[in-house]
Amino acid sequence: MCGDSINMLMMAYGVQAGGNIMAGQDARRQAGAEAAQLDQQALYERDTGKVTAEKIRKHGAAQRGAAVAAQAASGVRVGEGSALDAERQIMANTEEDAMLTLLSGDRQAEQLRYQGSLTRRAGRNAQRNSWLAASTNVLAAGYEYNRWKGRNTPIDRGYADDLPTRGGR
């Protein structure tokens, strides 16, 4: 009867250790999937910045063309003096907006990649901790088995007779 109890206890420790390992593996897989999603989001943010910057540049070129056409229609000499200054200002503003858009996309992408790396690290740590927890369960099982074995080992009568008793001899 006692042997059945210790067998059940050892199986419980084994199942618990296996559960810990499986939980760690699941956590690492989940972290890997989340990190991959963050990497994809980073690529998307960078690409969106590039596309938006290109749209800004095209819009700026159209704005510049419209300004030059309006100046020419009003009789202003295009490409000289204040007309040239206005044209340059439009292009400078356009390029600044495009560069800031690129920078913003790159920064968002970098932040997402960093979050992905932290997520991967958390997954690795969870898996490592699951192995430690499983090891603790195995050690606890060994301890419990040794305690049980010590209580259920017959004592050699010749040796037991030599042990002092509480009442004294």
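Rule-based calculations on the coordinates, nothing more; no lab input. Since the model is a prediction, treat every value here as computed from it, not as a measurement. Using ideal geometry, Cβ is built from the backbone for each residue, glycine included, and neighbour counts are taken over all protein chains shown.
Normalising the average separation of contacting C-alpha pairs (under 8 angstrom, six or more residues apart) by the number of residues puts the relative contact order of segment 2-149 at 51 percent.
Each Lys and Arg Cβ is given +1 and each Asp and Glu Cβ -1; about its Cα centre, the chain then shows a dipole of about 620 debye. Roughly how tilted is helix 81-151, in degrees to the nearest 10 and between 0 and 90, from the longest Cα axis of the chain? Once rounded, the angle reads 0 degrees.
Of all the options Arg57, Arg77, Arg28, the one that moves most in a Gaussian network model of the chain with Cα springs shorter than 10 angstrom is Arg77.
In a Gaussian network model over the chain where Cα atoms closer than 10 Å are linked, find which of Leu84, Leu132, Leu118 has the largest mean-square fluctuation. Taking springs between Cα atoms under 10 Å, the residue moving most is Leu84. Its Cα centre serving as origin, segment 14-101 has a Cβ charge dipole (Lys and Arg +1, Asp and Glu -1) of approximately 160 debye. Which of the listed residues, Met8, Gly123, Val138, is farthest toward the dipole's positive end in the chain, when Lys, Arg count +1 and Asp, Glu count -1 at the beta-carbon? Sorting the options by dipole projection puts first Met8. For segment 1-85, the Kirkwood hydrodynamic radius from C-alpha pairs, put into Stokes-Einstein at 4 °C and a viscosity of 1.567 mPa s, yields a diffusion coefficient of 66 µm² per second. For Arg121 and Val51, the FRET efficiency from 1/(1 + (r/R0)^6), where r spans their Cβ atoms and R0 equals 22 Å, is about 0.10.
Helix-only arithmetic for the chain: the sum of -39500 (n - 2.57) across DSSP H runs with n ≥ 4, divided by the residue total, places the mean residue ellipticity at 222 nm at -33000 deg cm²/dmol. Computed over the chain with a Gaussian network model linking Cα atoms closer than 10 Å, the most mobile of Tyr13, Tyr143, Tyr44 is Tyr143.
By how many degrees, 0 to 90 and rounded to 10, does the Cα axis of helix 2-73 deviate from the longest principal axis of the chain? With rounding to tens, the tilt is 0 degrees. Charged neighbours of Arg46, selected by a Cβ distance under 15 Å, balance to -3 (K, R count +1; D, E count -1). Across q = 0.09 Å⁻¹, the chain modelled as identical point scatterers on its alpha-carbon atoms has Debye log10 I(q)/I(0) values of -0.64, in the order of the q list.
Considering only Ala70, Met99, Gly24, the residue lying farthest towards the positive end of the dipole of the chain is Gly24, judged by Cα position with unit charges set on Cβ. The Kirkwood hydrodynamic radius of segment 72-137, based on inverse pair distances between different Cα atoms, is 16.8 Å. On full extension, the segment bounded by Ala33 and Ala62 gains 6.1 nm, given 0.36 nm per residue less the C-alpha separation.
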